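See below for the structure under consideration.
The values are calculated or read from the model by the stated rules, or taken from the named source; none is laboratory data. Just so it is clear, the structure is predicted and the values come from calculations on it, not from any experiment. Reconstructed Cβ throughout: ideal geometry from the backbone, glycine too, with neighbour counts over all protein chains shown.
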Amino acid sequence: MSANQDKSKNKKNIMARIFKYLFVWGYFFITFGLFFWVLMTSFKDNREIFSSPFGLPSSLEFNNYIFALTNVNMGLYLWNSLIVSVSTVLLCFFLGTTISYALARFNFRGNLLLYILFIIGLTIPLQSLIFPMFFKMHTLGIRDTLIGLIIVYTALNLPKTVFLLVGFMKGLPKEMEEAAIIDGCSYWSVFFKIILPMSKPGLATVGILVFIAAWNEYVFASVLISSDATKTLPLGLASFQSSQLSEYGLIASGVILSIIPVLIVYVIFQEQIIKGMADGAVKG
């Protein structure tokens, strides 16, 4: 009886493992296949795209990339997105780390209420904030500016930053902090010399999530930005597509240019991100 049960259990384990690998590799091939197709399309002109939509390009010419960077302000859109995304990450780091440290390590009146308010910020539908944000930015005179967009993106990403960092900092051991305070360190010294270095994996995870969110955001930017000089990359791609609707190779090159910075950021911080996700899984 037990032998039959073991065989049945082994069959179930084998089937589960086969299904898992099929799912993972299937997802990989679909994702990589679509990326590779867009990449190959970016080296083609319309004639070659329509004659051989899934074939390799006859030659690797960068005409589409050169035209996108020089004739349709793609370089300006990339620069604007980089300024907005990096500034949003830095502001979220500064505000998120200080707030999270206070919530995770200090017991004060209103601690739980303040944390709950940040959690509520994660549940609010972003679409309901578009018009209030628009009128507030217009009243302050910073609508259609990169500064206004940075403030909005920081406000949108701060609840997520605080939620992740509070959970991470609560899992850090307190013994080192207590020993440092006994030795005469101030709370700011403990924060900068102990908490922040130990929080690098969590900061890397938060940083890449906030960067991608700011880099890809379209809805708020389409409402708050109107001039071509302050357009970010998603807005630039949208206008580029409408003005160059028949040039599919140019559109594909714009998509590839928008992916490259995100890949660079991930490659640089991937070790810290994986470590942070692993630490979170162990603590959970």
**Complete:** Here the residues within the range 212-233 that are within 22 Å of Ala252 (Cα to Cα) and in a helix (DSSP H, G or I) are Ile212, Ala213, Ala214, Trp215, Asn216, Val219, Ala221, Ser222, Asp228, Leu233
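For residues that are among the hydroxyl-bearing types (Ser, Thr, Tyr) and touching a residue at least 12 places away in the same chain (Cβ under 8 Å), scanning just the range 39-57, find the one that is farthest from Leu237 (Cα to Cα). Before you say what the answer is, go through the steps one by one.
Of the residues in the range 39-57, the ones among the hydroxyl-bearing types (Ser, Thr, Tyr) are 41-42, 51-52.
From what's left, touching a residue at least 12 places away in the same chain (Cβ under 8 Å): 41-42.
On the way: Thr41: 16, Ser42: 14 Å.
Once the filter is applied, the top-ranked residue is Thr41.
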**Members of the range 55-92 found to be modelled with pLDDT of 80 or more, within 25 Å of Ile212 (Cβ to Cβ) and not in a helix (DSSP H, G or I), listed by number** = Asn73
**Complete:** Taking the range 138-171 and keeping residues buried (at least 18 other Cβ atoms within 10 Å of the Cβ), of a type in the set (A, V, I, L, M) and more than 20 Å from Phe211 (Cα to Cα) leaves Met169
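Is it true that some residue in the range 117-137 is assigned by TED's automatic domain parsing to the domain that holds Thr230, touching a Ser or Thr at 6+ places or on another chain (Cβ under 6 Å) and either outside any helix (DSSP H, G or I) or exposed (fewer than 14 other Cβ atoms within 10 Å of the Cβ) (or both)? Break it down stepwise before answering.
Initially, the range 117-137 is screened for residues assigned by TED's automatic domain parsing to the domain that holds Thr230, giving 117-137.
Applying the additional criterion that residues be touching a Ser or Thr at 6+ places or on another chain (Cβ under 6 Å) yields none.
Scanning the range 117-137 turns up no residue that is assigned by TED's automatic domain parsing to the domain that holds Thr230, touching a Ser or Thr at 6+ places or on another chain (Cβ under 6 Å) and either outside any helix (DSSP H, G or I) or exposed (fewer than 14 other Cβ atoms within 10 Å of the Cβ) (or both).
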